[in-house]
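Engineer: Following this message is one structure expressed as structure tokens.
The values are calculated or read from the model by the stated rules, or taken from the named source; none is laboratory data. Worth saying up front: this structure is predicted, and the values here are computed from it rather than measured. Cβ placement follows ideal geometry from the backbone for every residue including glycine, while neighbour counts extend to all protein chains displayed.
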Amino acid sequence: MADKTAKLIRREEVAEGTTAFYFEKPLAFRVTAGQSADVALTDPLETDAEGNTRTFSIASPPFADELVFTTRMRDTAFKRSLKKVPLAAEVKISAAAGSFTLHKKLAKPAVFLAGGIGITPFLSMVQQADRDRLSQKLYLFYSNRRPEDAAFLDDLKALDATNPNFRLICTMTEMSKSKKEWKGEKSLIDKDMLCRHLIDLQGPIYYIAGPPTMVTAMHETLMSAGVEENNIRTDEFVGY
């Protein structure tokens with residue numbers, strides 16, 4: 001499919017230093033929850049050696065009328081331009097791609113391990129699963145330094161409260177730097193945490209998304225716990 005043109009509808013800060021960009025969904029745009037797409041600025045206010053195109057996971061579910069791309073706002077020409085372009089500005093969006101999508105065997109649980117902005121493909125997956133009323137058991141472990149850094153936390157809590165097949169386990173690892181109260185987990189995701197919340201570590205398919213160091217650490221944790229390599233899927237967020 002050729003690249004599609006899409007207009008910027010609105011921006012929303014969804015966590016400190018993290019912004020969601022909402023675009024009109026082009027006609028006949030096909031996407032499976034968990035996939036990503038390239039976003040290219042057609043008339044950037046500025047540019048640099050990194051270029052005018054970035055790849056983003058699609059945070060919105062396939063049933064939504066909008067395409068949502070969410071990013072940490074690093075100080076780059078691309079992100080400065082994306083932050084400043086006027087509403088209704090047009091970008092080019094490639095066809096959705098990628099195999100980081102939910103497996104089809106409903107009897108086999110899915111365990112999502114998200115670090116920071118790595119939450120975006122999982123947000124799409126759990127919202128679509130809720131819409132489709134899947135009987136599949138979904139567990140989302142979501143790690144951030146502070147509640148202030150946790151994008152879409154309220155949306156995920158709402159799903160946890162209403163969908164009996166979805167369980168949200170959040171952990172905040174640097175609460176000494178937070179101004180908010182937190183009564184949940186506070187350690188890094190490790191084998192002990194997984195054992196407290198999962199019945200059988202060897203049963204599910206695991207999906208890991210986040211910074212490369214987090215993805216590597218989680219992969220090593222799962223392997224040391226006896227999880228088979230073919231039951232682990234990863235998506236590294238580099239340079240976000």
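Engineer: Among the hydrophobic types (A, V, I, L, M, F, W, C) and under 18 Å from the mean Cα position of the chain (by Cα): does that describe Leu102?
Structural biologist: Details: among the hydrophobic types (A, V, I, L, M, F, W, C): yes; under 18 Å from the mean Cα position of the chain (by Cα): yes.
Here the answer is yes, as Leu102 does meet what is asked.
Engineer: Of the conditions (1) under 16 Å from the mean Cα position of the chain (by Cα); (2) in a loop (DSSP other than H, G, I, E, B), Ile199 clears all except one; give me its number.
Structural biologist: Unmet condition: (1).
Engineer: Also: Quick test for you: out of Asp155, Asp160, pick the one residue that is of a type in the set (D, E, K, R), closer than 19 Å to Val111 by Cβ and outside the structural domain of Ala37 (by TED's automatic domain parsing).
Structural biologist: One residue alone meets the criteria, Asp160.
Engineer: Arg196 passes all but one of (1) in contact with a strand residue (DSSP E or B) (Cβ under 8 Å, 6 or more places away or on another chain); (2) closer than 30 Å to Ala107 by Cβ; which number fails?
Structural biologist: So the condition that Arg196 fails would be (1).
Engineer: Could you tell me whether Arg80 is outside the structural domain of Ile169 (by TED's automatic domain parsing) and within 17 Å of Ala59 (Cβ to Cβ)?
Structural biologist: On the way: outside the structural domain of Ile169 (by TED's automatic domain parsing): yes; within 17 Å of Ala59 (Cβ to Cβ): no.
Here the answer is no, as Arg80 does not meet what is asked.
Engineer: How about the stretch 77-107: which of its residues are surrounded by 15 or more Cβ atoms within 10 Å (Cβ to Cβ) and free of Cβ contacts under 8 Å to residues at least 60 places away in the same chain?
Structural biologist: Ala77, Phe78, Lys79, Arg80, Ser81
Engineer: What about Glu90, is it within 19 Å of Phe56 (Cβ to Cβ) and of a type in the set (Asp, Glu)? Give the steps one after another, and end with the answer.
Structural biologist: Numbers: within 19 Å of Phe56 (Cβ to Cβ): yes; of a type in the set (Asp, Glu): yes.
Taking the combined requirement at face value, the residue satisfies it.
Engineer: Can you tell me how many residues in the stretch 116-151 are within 19 Å of Thr162 (Cβ to Cβ) and in a strand (DSSP E or B)?
Structural biologist: 4
Engineer: Taking the condition of being in contact with a strand residue (DSSP E or B) (Cβ under 8 Å, 6 or more places away or on another chain), closer than 21 Å to Met73 by Cα and in a loop (DSSP other than H, G, I, E, B), how many residues in the stretch 1-34 meet it?
Structural biologist: Residues that pass the stated criteria total 1.
Engineer: Considering only residues that are more than 14 Å from Arg11 (Cβ to Cβ), in a loop (DSSP other than H, G, I, E, B) and either of a type outside the set (Lys, Arg) or in contact with a helix residue (DSSP H, G or I) (Cβ under 6 Å, 6 or more places away or on another chain) (or both), which ones fall in the stretch 61-83?
Structural biologist: Once the filter is applied, which keeps residues that are more than 14 Å from Arg11 (Cβ to Cβ), in a loop (DSSP other than H, G, I, E, B) and either of a type outside the set (Lys, Arg) or in contact with a helix residue (DSSP H, G or I) (Cβ under 6 Å, 6 or more places away or on another chain) (or both), the stretch 61-83 yields Pro61, Pro62, Phe63, Ala64, Asp65, Asp75, Thr76.
Engineer: Is there a residue being at pLDDT below 95, over 16 Å from Gly116 (Cβ atoms) and not in a helix (DSSP H, G or I) anywhere in the stretch 162-173?
Structural biologist: No, the conditions are met nowhere in the stretch 162-173.
Engineer: Okay, moving on. Among the listed residues Leu156, Leu113, Leu188, identify the single one that is touching a Leu at 6+ places or on another chain (Cβ under 7 Å) and either in a strand (DSSP E or B) or of a type in the set (A, V, I, L, M) (or both).
Structural biologist: Leu156
Engineer: Is there any pair linking a residue in the stretch 108-125 that is in the same structural domain as Pro62 (by TED's automatic domain parsing) to one that is small (Gly, Ala, Ser) and surrounded by 24 or more Cβ atoms within 10 Å (Cβ to Cβ), with Cβ under 6 Å and at least six apart or on different chains, and which?
Structural biologist: Pairs that qualify, where the first residue is in the same structural domain as Pro62 (by TED's automatic domain parsing) and the partner is small (Gly, Ala, Ser) and surrounded by 24 or more Cβ atoms within 10 Å (Cβ to Cβ): there are none.
Engineer: With respect to Thr47, determine if the residue is crowded, with 19+ Cβ neighbours inside 10 Å and in contact (Cβ under 8 Å) with a residue 12 or more places away in the chain.
Structural biologist: For Thr47, the condition - crowded, with 19+ Cβ neighbours inside 10 Å and in contact (Cβ under 8 Å) with a residue 12 or more places away in the chain - is not met.
Engineer: Among the residues of the stretch 210-236, what is the count of those that are in a loop (DSSP other than H, G, I, E, B) and under 13 Å from Ser143 (Cβ atoms)?
Structural biologist: So the count comes out to 1.
Engineer: Under the condition of being exposed (fewer than 13 other Cβ atoms within 10 Å of the Cβ) and acidic (Asp, Glu), which residue from the stretch 156-193 is nearest to the chain's Cα centre (by Cα)?
Structural biologist: Glu174
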